[in-house]
Amino acid sequence: VQLQASGGGLVQAGGSLRLSCATSGITFSMFVMGWFRQAPGKEREFVAAITRSGITTTYTDSVKGRFTISRDNAKNTVYLQMNSLKPEDTAVYSCGARFLNVLSSNRSEYAYWGQGTQVTVSS
């Protein structure tokens with residue numbers, strides 16, 4: 001099983017980035033997908049999640065209205081469009097896969113994880 005996040009980088013406050021998480025080794029359409037982030041010295045925190053079909057999503061309050069999670073089951077890939085970025089969004093962003101078709105913000109409920117991608121937002 002492989003989950004590979006990409007698309008991170010350095011951006012000024014107010015800018016945008018689009019993260020991708022390409023997967024292999026799982027039946028992608030059978031998994032809820034989530035994005036989490038970890039800032040230096042902090043625990044990994046939930047950002048967003050999307051159901052198998054992509055119809056239902058959920059976000060942590062701090063990113064609502066700025067971030068959008070989506071998925072392409074034909075490409076086995078989940079995305080995170082991040083707009084109006086703020087310095088406090090700086091973190092390593094990782095994707096996780098959860099088999100049960102119930103959205104969850106609990107990182108312990110995600111079975112598979114990929115290496116993250118660094119997002120740095122300058123002020």
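Here, each number is a calculation from the coordinates, and none is a lab measurement. From a predicted model like this one, the values you see are computed outputs, not experimental measurements. Here the Cβ is made from the backbone with ideal geometry for all residues, glycine too, and neighbour counts use every protein chain on show.
Numbers below:
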| quantity | calculated |
| --- | --- |
| Nearest-20 debye value, the stretch 1-88 charge dipole, Cβ charges on Lys, Arg, Asp, Glu | 100 |
| Extension gain, ALA22 back to SER70 (0.36 nm per residue minus Cα-Cα distance, nm) | 16.0 nm |
| Sequence-distant residues sharing a close amide H with GLY9 (under 5 Å, placed H) | VAL119, THR120 |
| Anchor LYS42: lysines whose Cα lies under 26 Å away (excluding residues fewer than 8 positions away in-chain) | LYS64, LYS86 |
| Förster-model FRET efficiency, 25 Å R0, SER105 and GLN12, C-beta, rounded to 0.05 | 0.30 |
